[in-house]
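Reviewing the structure listed below.
The values are calculated or read from the model by the stated rules, or taken from the named source; none is laboratory data. On a predicted model such as this, the values are computed, not experimentally measured, just so you know. Backbone-built Cβ (ideal geometry, glycine too); neighbour counts: all protein chains shown. When the accessible area is computed, the model is the full protein with side chains, heavy atoms only, and any ligands, DNA or RNA have been set aside. Shrake-Rupley method; radii C 1.70, N 1.55, O 1.52, S 1.80 Å.
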Amino acid sequence: MTTHPHRQVIIIGSGPAGLTAAVYVARASLAPLVIEGEPSSTSDQPGGQLMLTTEVENFPGFPEGVQGPELMQRMRDQAARFGAEYLTEKATKVDFSSHPRRVWVREDEYTADVVIVSTGARSLMLGLPDETRLIGHGVSTCATCDGFFFRGQEIVVVGGGDSAIEEASFLTKFASKVTIVHRRDKFRASKIMQERALSNPKISVRWNSQVTRLIGDSKLSAIELTDTVTGATDTMNIGGLFVAIGHRPNTDLFTGILDMDDNGYLVTQPGSSRTNIPGIFACGDVQDHTYRQAITAAGSGCMAAIDAERWLEHHHTTANK
Ligand code: NAP
C-alpha cells in the first residue's frame, strides 16, 4: 500500500461538474487532485457522459457548437493550467468517518481535508451490440441535448416511464413522427403525462415490443423490433433512437456513508453543495436528477468549489499551502 502526500482538496469524477470545481479550486491555489475515472469504463469514464456525445450546441460560448470530448478536454486543460493534477483511475473506497478524509484507488491511499464528489450518473442502456458505437450517431439518451439534430425525421423512444413520455413529447417539436416502444401493454408513467402524450397526433405507441437489434454502419438507419408476446420480429426504418429507460447515479462508493434519496442520488442541502458530512460536497448529476445538463452540472461544480474554499478558510487548514 502506498500513502500519498496530504492535499487540501480531492475531487472524485471529471465531468463538467468535477472539472469546473477543479478550475475554481485550482485557481484558488489549492492544487486539487482529480480522480478522473478509467478510460475503459462507459459509465464513469474521464470526462463523464459528454465523452459519449458528438456535437454540443447548447453550451454557452460555442456559437458554432463543440464536440463533447473537445469541451471536456478544454475544461481539463483549463484546470491543469492552474495546478490541478489528474489520476486516471477510479476511486475504489472512501472513509469519511474521521479527519483527514481518506480515498483509496485500489491499494493506494490519498488524504484530503475536503472531498468534492462529482461521480455523475449514467443512462441505463438496452445492452445491445453496437449500442455504444452508435451513441451520437443516431442513438441518444438525451432529447434536450440531441432532439434538434433530428428535425423532420421519424424517431423512436424506448421506455414506458415519465422520462420516455417526457422525451417523446419534447421530441415532437422536431420530429415528423415519434413512436414510443414499450415492452409491456401499460405505461408506468403518471396518468397526466400519458394522456398528454397519447393525445399528441405526432406520437404513436408500439406496445409489447422490445428493440432487439440496431442496424446501421456509420449511423443508425433502422431497428429490429420483437413482439414480447408472440416473439414475431420486424424492422422499422428510423432517423433516431432515444433510450429513456432510466438513469442510475454513480453512488455505490458512498452507500451507507452519504445520505441518498430513494433512487440513490446524493442529497445536498438546499442552495448548497453540502452533504450530510462536513467538508464533503457533491455536485453535478450525482445529486441532480432534474436538469442533467452540462451547464447545470458546471454551475453546481462552481458552487462546490466555493463551498469547499469557504469550508477550508473557516477550518484554517494548512496542508498543501
Ligand atoms: P422509470 O420510472 O424507472 O421507467 C423506466 C421505464 O423503462 C419503464 O417503463 C421500464 O419498463 C422501461 N425499461 C427498463 N429497462 C428496460 C429495458 N431493458 N428495455 C426496455 N424497457 C425498459 O424511469 P424514468 O422514466 O427515467 O423515471 C425515473 C424517475 O424520475 C421516476 O420516479 C419518474 O417519475 C421521475 N421522472 C419524473 C418526470 C416528471 O415528473 N416530469 C420526468 C422524468 C422522470 P417497465 O415499465 O416494464 O418496467
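From the list 300, 272, pick out the single residue that is among the hydroxyl-bearing types (Ser, Thr, Tyr) and in contact with a Gly (Cβ under 7 Å, 6 or more places away or on another chain). Write out each step before concluding.
Numbers: 272 fails: in contact with a Gly (Cβ under 7 Å, 6 or more places away or on another chain).
Among 300, 272, only 300 is among the hydroxyl-bearing types (Ser, Thr, Tyr) and in contact with a Gly (Cβ under 7 Å, 6 or more places away or on another chain).
Can you tell me which residues in the stretch 175-190 are farther than 18 Å from residue 126 by Cβ, open to solvent by 40 Å² or more (accessible area, probe 1.4 Å) and either touching a Phe, Trp or Tyr at 6+ places or on another chain (Cβ under 9 Å) or at pLDDT 95 or above (or both)?
Correct list: 176, 177, 185, 186.
Restricting attention to the stretch 99-131, and to residues there that are over 15 Å from the mean Cα position of the chain (by Cα) and closer than 22 Å to residue 159 by Cα, which single residue is most open to solvent (accessible area, probe 1.4 Å)?
First, the residues of the stretch 99-131 that are over 15 Å from the mean Cα position of the chain (by Cα): 99-116, 126-131.
Remaining after also requiring closer than 22 Å to residue 159 by Cα: 126-131.
Numbers: 126: 46, 127: 65, 128: 29, 129: 99, 130: 69, 131: 7 Å².
Selected residue: 129.
From 294, 298, 305, grab the single residue that is surrounded by 17 or more Cβ atoms within 10 Å (Cβ to Cβ) and either touching a His at 6+ places or on another chain (Cβ under 9 Å) or at pLDDT below 95 (or both). Even if it seems obvious, please write down each step before you answer.
Details: 298 fails: either touching a His at 6+ places or on another chain (Cβ under 9 Å) or at pLDDT below 95 (or both); 305 fails: either touching a His at 6+ places or on another chain (Cβ under 9 Å) or at pLDDT below 95 (or both).
Testing whether each residue is surrounded by 17 or more Cβ atoms within 10 Å (Cβ to Cβ) and either touching a His at 6+ places or on another chain (Cβ under 9 Å) or at pLDDT below 95 (or both) leaves just 294.
Residue-by-condition table, conditions (1) within 16 Å of the ligand (Cβ to nearest atom); (2) without any contact (Cβ under 8 Å) to a residue 12 or more places away in the chain; (3) closer than 30 Å to residue 285 by Cα:
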position: 187; (1), (2), (3): yes, no, yes
position: 191; (1), (2), (3): yes, yes, yes
position: 195; (1), (2), (3): yes, yes, yes
position: 208; (1), (2), (3): yes, no, no
position: 232; (1), (2), (3): no, yes, no
position: 237; (1), (2), (3): no, no, no
position: 247; (1), (2), (3): yes, no, yes
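Quick one: in the stretch 143-160, of everything that is surrounded by 17 or more Cβ atoms within 10 Å (Cβ to Cβ) and within 14 Å of the ligand (Cβ to nearest atom), which residue is farthest from residue 60 (Cα to Cα)?
We begin by selecting, within the stretch 143-160, every residue surrounded by 17 or more Cβ atoms within 10 Å (Cβ to Cβ); these are 143, 145-147, 150, 155-160.
Narrowing further to those that are within 14 Å of the ligand (Cβ to nearest atom): 143, 156-160.
Numbers: 143: 18, 156: 29, 157: 28, 158: 30, 159: 31, 160: 32 Å.
Out of the qualifying residues, it is 160.
Does residue 113 satisfy the criteria of being of a type outside the set (Gly, Ala, Ser) and within 12 Å of the ligand (Cβ to nearest atom)?
no
Of the conditions (1) in a helix (DSSP H, G or I); (2) in contact with a helix residue (DSSP H, G or I) (Cβ under 7 Å, 6 or more places away or on another chain); (3) open to solvent by 20 Å² or more (accessible area, probe 1.4 Å); (4) among the hydrophobic types (A, V, I, L, M, F, W, C), residue 59 fails just one. Which one is it?
(1)
From the list 211, 229, pick out the single residue that is in contact with a strand residue (DSSP E or B) (Cβ under 7 Å, 6 or more places away or on another chain), outside the structural domain of residue 36 (by TED's automatic domain parsing) and modelled with pLDDT of 95 or more.
On the way: 229 fails: in contact with a strand residue (DSSP E or B) (Cβ under 7 Å, 6 or more places away or on another chain).
Answer to the selection: 211.
Among the listed residues 284, 256, 271, which satisfies the condition of being touching a residue at least 40 places away in the same chain (Cβ under 8 Å), on the phi > 0 side of the Ramachandran plot and more than 16 Å from the ligand (Cβ to nearest atom)? Break it down stepwise before answering.
Details: 256 fails: touching a residue at least 40 places away in the same chain (Cβ under 8 Å); 271 fails: touching a residue at least 40 places away in the same chain (Cβ under 8 Å).
Among 284, 256, 271, only 284 is touching a residue at least 40 places away in the same chain (Cβ under 8 Å), on the phi > 0 side of the Ramachandran plot and more than 16 Å from the ligand (Cβ to nearest atom).
Which numbered condition trips up residue 127, out of (1) modelled with pLDDT of 95 or more; (2) away from the ligand (no atom under 15 Å from the Cβ); (3) farther than 15 Å from residue 240 by Cβ?
Every condition holds for residue 127 apart from (2).
Residues that are in a strand (DSSP E or B), modelled with pLDDT under 95 and crowded, with 17+ Cβ neighbours inside 10 Å: does the stretch 85-98 have at least one?
At the first step, the residues of the stretch 85-98 found to be in a strand (DSSP E or B) are 85-87, 93-95.
Now drop any that are not modelled with pLDDT under 95, which leaves none.
No, because not a single residue in the stretch 85-98 is in a strand (DSSP E or B), modelled with pLDDT under 95 and crowded, with 17+ Cβ neighbours inside 10 Å.
Filter the stretch 99-127 down to residues that are of a type in the set (Lys, Arg) and assigned to a strand (DSSP E or B) and give me whichever is nearest to residue 19 (Cα to Cα).
If we take residues in the stretch 99-127 being of a type in the set (Lys, Arg) and assigned to a strand (DSSP E or B), then 122 is nearest to residue 19 (Cα to Cα).
On the basis of being hydrophobic (A, V, I, L, M, F, W, C), at pLDDT below 95, more than 11 Å from the ligand (Cβ to nearest atom) and not assigned by TED's automatic domain parsing to the domain that holds residue 290, does residue 170 make the cut?
On the way: hydrophobic (A, V, I, L, M, F, W, C): yes; at pLDDT below 95: yes; more than 11 Å from the ligand (Cβ to nearest atom): no; not assigned by TED's automatic domain parsing to the domain that holds residue 290: yes.
It is false that residue 170 is hydrophobic (A, V, I, L, M, F, W, C), at pLDDT below 95, more than 11 Å from the ligand (Cβ to nearest atom) and not assigned by TED's automatic domain parsing to the domain that holds residue 290.
List, please: which pairs have Cβ atoms under 8 Å, are six or more places apart or on different chains, and start with a residue in the stretch 299-310 that is of a type in the set (Asp, Glu) and end with one that is part of a helix (DSSP H, G or I)?
Filtered contacts from the stretch 299-310: 309/24; 309/25.
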